[in-house]
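Engineer: Okay, handing you the structure first.
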Ligand SMILES: [Zn+2]
């Protein structure tokens, strides 16, 4: 047995409506939660649709790529920051190793076609090697 939330009459545990005052015994918290959840799902749906639209737009604008001209400006002895300034954006860290206190990081950038690419090998914040494939 439980008590009606409204008139305090003892009613059956499973009763959904109080036989005394005819008020619903549904937990208002869960009712509210169900409504919020419903709204939330609708918003996710809108978000996904809006997300697909904006993502395809951003890709062309924000895409950073390296050109052969930029690659040719990169010289041995440069710091990663200098290389980053030439290319105009952060490279992708391909490998990051530390051997006998010497830190070696390989950064890469893709060319405009998304296939051609450039790699630079930075050791102790100095460029020691650069390679590129198919840059234009
Ligand atoms: Zn009642």
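The values are calculated or read from the model by the stated rules, or taken from the named source; none is laboratory data. Please read these numbers as outputs of a predicted model, since none were measured by experiment. Every residue, glycine as well, gets a Cβ built from its backbone with ideal geometry; the counts of neighbours run over all protein chains shown.
Engineer: Out of region 91-121, which residues are free of Cβ contacts under 8 Å to residues at least 12 places away in the same chain, out of contact with any strand residue (DSSP E or B) (no Cβ under 6 Å at 6 or more places or on another chain) and at negative phi?
Structural biologist: Those that are free of Cβ contacts under 8 Å to residues at least 12 places away in the same chain, out of contact with any strand residue (DSSP E or B) (no Cβ under 6 Å at 6 or more places or on another chain) and at negative phi: 98, 99.
Engineer: Moving on to the next point. Mind checking which residues of region 48-71 are assigned to a helix (DSSP H, G or I) and either more than 18 Å from the chain's Cα centre (by Cα) or at pLDDT 85 or above (or both)?
Structural biologist: Within region 48-71, 68, 69, 70, 71 meet the criteria.
Engineer: Next up: Among all residue pairs at least 6 apart or on different chains, which show Cβ distances below 6 Å where the first residue, located in region 1-21, is under 18 Å from residue 31 (Cβ atoms) and within 10 Å of the ligand (Cβ to nearest atom) and the second is modelled with pLDDT of 90 or more and not in a loop (DSSP other than H, G, I, E, B)?
Structural biologist: Close Cβ pairs (under 6 Å, with a partner that is modelled with pLDDT of 90 or more and not in a loop (DSSP other than H, G, I, E, B)) amount to 4/11; 18/11.
Engineer: What residue, of 88, 38, 51, 47, is on the phi > 0 side of the Ramachandran plot and loosely packed, with under 13 Cβ neighbours inside 10 Å?
Structural biologist: Every option except 88 fails the conditions.
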